[in-house]
Every structure is written in structure tokens, then in C-alpha cells.
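> There's a structure below that I have some questions on.
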Amino acid sequence: MPASGEHHPAFEEYCECIYELREDDVDVIQARIADRLQVSRPAVSEMIRRLEAEQLIEVIGGKISLTEGGIVLAEQVVRRHRLAERFLTDMLGLAWADAHHEAGKWEHIISDAVEAAIDRVLGSPTTCPHGNPIPGSRYLAPASTPLCDLLVGQRFTVNRIPEELEFTPGLLDFLEASSIQPGHTGVVTAASPDGTITVEIEGHHVGIGAFASARILVMA
């Protein structure tokens, strides 16, 4: 992997964004990058040109994909972000949303030695606190299904909160406060025509809107 600091942080951020959009099974186009990063379309267009020049991405038919070099860079940044999130929550007790924000800074400055030390101290975790896989770990994806697909009365264990939900304002705070967290078990108690799912989990009765319930992955 490239040494820390070899690429500009903006290149790292864009490669990370593209990687995570594909991880969520989303076709990567400039508009989606602009929405995720909260930047203007012209700014994205300029950065896409620079990333192509650096041979970190390729664009075919308007769809953007990482080159082999782009994948290596993205996996390094994503790994450090998710390890940092795990360290900040497990060791320092930060809330999910705070850890996500701080890890966005740490991912650009963690050295190889610090990355290895964090991994060792944490016991080589395979996922971030939200259940997303840490690149380079021994993660094995369990069989999972969107929460919205469950029937009333079905029990489940939360498996994963995809990155898309991490970027939805206020949602990480809501999910953490409601105990919608990987490893927690619950039961579906109601389903509304508008897609809202009501669950009982860890003593909480929680209504989860259609946008989130279609993306939260559980094991039933």
C-alpha cells in the first residue's frame, strides 16, 4: 500500500467515497459523489479529471470506477477510518456520530506503525462499530437481509448499518440511542404501508422509516 501522505487527502477522500458507494451497490456517477461529499458538481468534475490523470479512476459511459491503484488507496483509507472508529468507540467511549466525524480526520494521518498498533490493541477486529467490513481483515460476510423484508413477529439480529446511513444527518445518533446496533437482537412488532417498521429491541420500541429499514441489514 502507498505510504501515508503519498496522495493528497482530497484524492484519498474521493477514492474512499467511490469505494463506499460501490460497497453499497450503487452506480457511481458524479451527482452521487457530490451528494455524499456535500460539494458542488463543478468541484466534483474537476476532481474527477485530476483522479483520471493520476490513474486512480476510469470513467466509462458516465460511470466511475476505481483502477487497481485506486482500490489500493481506497482500501488503505477505509481500513484506517474503520479501525479509528472502532478505537474511538471501544477504547475512548465516543458516541457513534462523534467517532465517525473524528475518524474522517484520523484516516489521513495514521501511519503504518500506528495502524498496526491500533489493530493489535483492538484484537484485529473485522468490522467497524456499524458492522461494515474492515479491508484487510478476515471478515466473512454472514447471510443477511434488509430489515424491511421481515414479517411481523420475526426475530432478528442487527448485522450492519451501511455507510449510506452513516452520512444521513442525525441517523447515527438515533440508531445508537435506539440500540439499533450490530449484535443486538429484536423482534418486528408492526409494519406500516409507508414502509415504516416498528421493532422492539433491547427494551426500546422503535419506529424505523422506509429509507433506513431498506438499508439496515439483519440476520433473521
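> With charges only on Cβ, +1 for K and R and -1 for D and E, what is the dipole size of region 1-139 about its Cα centre, in debye, rounded to 20?
100 debye
> On to the next question. Considering only protein heavy atoms, what is the solvent-accessible area of residue 108 at a probe of 1.4 Å, reported in Å² to the nearest 10?
Roughly 40 Å² of residue 108 is accessible to a 1.4 Å probe.
> Roughly how compact is region 1-139, stated as its Cα Rg over 2.2 N^0.38 Å to two decimals? Please report the intermediate quantities before stating the final value.
Values: Rg = 14.9 Å, N = 139, 2.2 N^0.38 = 14.3 Å.
That works out to 1.04 for region 1-139.
> From the P(r) of region 33-85, could you give the percentage of C-alpha pairs in the tail past 14 Å? Please list the in-between numbers first.
Values: 850 of 1378 pairs.
So the pairs more than 14 Å apart make up 62 percent of the total in region 33-85.
> At 1.4 Å probe size, with every protein chain present, just tell me what the per residue accessible area of the chain comes to in Å².
Details: 10560 Å² over 220 residues.
Per-residue accessible area for the chain comes out at 48 Å².
> Return the carbon/sulfur percentage of the accessible area of the chain, one whole number, probe 1.4 Å, all protein chains in place.
Numbers: 5510 of 10560 Å².
Of the solvent-accessible surface of the chain, carbon and sulfur hold 52 percent.
> Using a/c under 1.5 as the rounded threshold, could you call region 145-219 rounded, prolate or oblate? The axes a ≥ b ≥ c are square roots of the C-alpha gyration tensor eigenvalues, and prolate needs a/b larger than b/c, oblate otherwise.
Working: a/c = 1.43, a/b = 1.23, b/c = 1.16.
Because its axes are fairly even, with a/c under 1.5, region 145-219 counts as rounded.
> Let me ask something else about it. In the full protein assembly as shown, how much of residue 198 is accessible to a 1.4 Å probe, in Å² to the nearest 10?
40 Å²
The values are calculated or read from the model by the stated rules, or taken from the named source; none is laboratory data. Here the structure is a predicted model, which is why all the values come from computation and not from measurement. Every residue, glycine among them, receives a Cβ derived from its backbone with ideal geometry; neighbour counts consider all protein chains shown. Note: areas computed on protein heavy atoms with side chains; ligands, DNA, RNA excluded. Shrake-Rupley method; radii C 1.70, N 1.55, O 1.52, S 1.80 Å.
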